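What follows is a set of notes on a single structure, which appears directly below.
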Amino acid sequence: MKKILLHDPGISTMNLGDKIISKSAKNELNMILGKSFAIEISTHLPKSYYYMRHFKNFDYKFVLGSNLLKSTFFGFKRQWDITWRLSKYTGPSILMGVGWWQYGNKPNFYTKLLLKSLLSSEYLHSVRDDYTSRMLKKIGINNVINTSCPTMWNLTKDHCKQIKKNKSDKVVFTLTNYNKDMQKDLKLVKILKKNYREIYFWPQGLLDYEYLTELNVNIDNVMILDPSIKAFDGVLNEENIDYVGTRLHGGIRSLQYKNRTIIISIDNRAKEKSRSFNIPIIERNNIDTLYSLINSSIITDINIPISNIKKWKNQF
């Protein structure tokens, strides 16, 4: 029986988008997880030698997506809490739709040393966009292919054809508490209130609801959903509902449910996914165009790198 370690961003997270990523990644790994002994550990929490030593000789160690890579792993803020000292127990790890945290400088020497020690040289790594691929290749990690994020692997041409083009009567929206622009986010909410009969708000992040209340907009007619994937899925499964919001994976979850979706891009993640795969976004700086976009016909035509996905999966 194979032994598998899953570095899971959906454990101990303050962002339910990580759970959306984790759920999709595990579904895509069903071909080997079902007959294997799999252990999940959080990417967010520090690792100890006394625990990690048990995983040294596992058959596979997968890193389940999210924006875990960055130019410097030394210091306070690490999306993936790993160190060079424990890299021989943490790895050799195999990336699955992992992305680069933000636009930044070339990875420093410590990051190069850490990732070369940590990442498998035997298997192809799956990354979520071309930018992440370029950053890894800059430090000599060339066994990389762009597959997009596992949340998108089923967004095929046939799937996208089933997504309606014109505005619905209802909308569910999101905001992002850690990346605020109160003037533009307030305008977002006001535009939605003018265009939809029923409005739902889903707090994907720990403090997203508090941020909504900071905007000082009347939300008496806004239905606040429970902060859970189940509550979000329940609304997405209704007929005649759109998604509009700044949360990227909230938008991708909506696309999974074949709903008309407009993602408001606030950082490199949505921008790079749009460049690579044509996911439906507008820049928050162009929020004034949202009104006309909502009332126009939108064709969802996402380009998934199916051959790369198959190539990565066929390794196992």
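Laboratory data are not the source of any read-out in this text; all were calculated from the coordinates shown. For clarity, every value in this text was computed on a predicted model and none was experimentally measured. Don't worry about glycine lacking a Cβ; one is built from the backbone with ideal geometry, like all the others, and counts go over all protein chains shown.
Kindly state, to the nearest 0.05, the FRET efficiency for GLU122 paired with LYS35, given R0 = 22 Å and r defined as their beta-carbon distance. Efficiency, from the Cβ-Cβ distance: 0.55. Seen against the Cα atoms of the chain and their longest principal axis, helix 182-195 is set at about 50 degrees.
When the Cα gyration tensor is reduced to axis lengths a ≥ b ≥ c, the ratio a/c stays below 1.5 for region 164-294, which is therefore classed as rounded.
Between GLU214 and HIS54, the modelled labels are 4.0 nm apart [label points 7 Å from Cα along Cα→Cβ].
Taking amide H as placed 1.01 Å from N in the peptide plane, SER66 has its amide H under 5 Å from the amide H of GLY99, each at least 5 places away in sequence or on another chain.
Think of region 108-240 as having a plus end and a minus end, set by charges on the Cβ of Lys, Arg, Asp and Glu; of LEU212, THR151, PHE109, PHE109 sits farthest toward the positive end of this dipole. Give the residue from SER228, ASN278, LEU188 lying farthest towards the positive end of the charge dipole for region 164-294; charges sit on Cβ (+1 for Lys and Arg, -1 for Asp and Glu) and the dipole is referred to the Cα centre. Positive-most Cα among the choices belongs to ASN278.
Its Kirkwood hydrodynamic radius, worked out from the mean inverse distance over all distinct Cα pairs, puts the chain at 20.3 Å.
One Cα centroid belongs to region 124-161, the other to region 41-55; the line between them spans 26 Å.
Computed from backbone phi with θ = phi - 60° and the Karplus coefficients 6.51, -1.76 and 1.60, the 3J(HN,Hα) list for region 56-69 is 4, 10, 5, 5, 9, 10, 9, 10, 8, x, 6, 8, 8, 9 Hz; x is used for glycine and proline.
With the simple model of a label 7 Å out from the Cα in the direction of the Cβ, ASN154 to ASP169 spans 2.8 nm. With contacts taken as Cα pairs under 8 Å at a separation of at least 6 residues, region 68-132 carries a relative contact order of 44 percent. Could you tell me the calculated FRET efficiency between SER307 and ASN286, based on Cβ-Cβ distance and R0 = 45 angstrom, to the nearest 0.05? After rounding to 0.05, the efficiency reads 0.85. Model label points for TYR110 and ARG275, set 7 angstrom from Cα along the Cα-to-Cβ axis, are 2.8 nm apart. Relative to the longest principal axis of the Cα atoms of the chain, the long axis of helix 109-118 lies at roughly 80 degrees. By how many degrees, 0 to 90 and rounded to 10, does the Cα axis of helix 268-277 deviate from the longest principal axis of the chain? Long axis of 268-277 versus the principal axis of the chain: about 90 degrees. Say we join alpha carbon atoms closer than 10 Å with springs in a Gaussian network model of the chain; which of TYR51, TYR291, TYR211 then has the biggest fluctuation? Of TYR51, TYR291, TYR211, the Gaussian network model singles out TYR51 as fluctuating most.
When shorter helices are ignored and each DSSP H run of at least 4 residues is given -39500 (n - 2.57), the per-residue value for the chain at 222 nm works out to -9500 deg cm²/dmol.
Taking Cα centre as origin and charging only the Cβ of basic (Lys, Arg, +1) and acidic (Asp, Glu, -1) residues, the dipole magnitude of region 164-294 rounds to 540 debye. Around the Cα centre of the chain, unit charges on the Cβ atoms of Lys, Arg, Asp and Glu (plus for the first two, minus for the last two) sum to a dipole of about 1180 debye.
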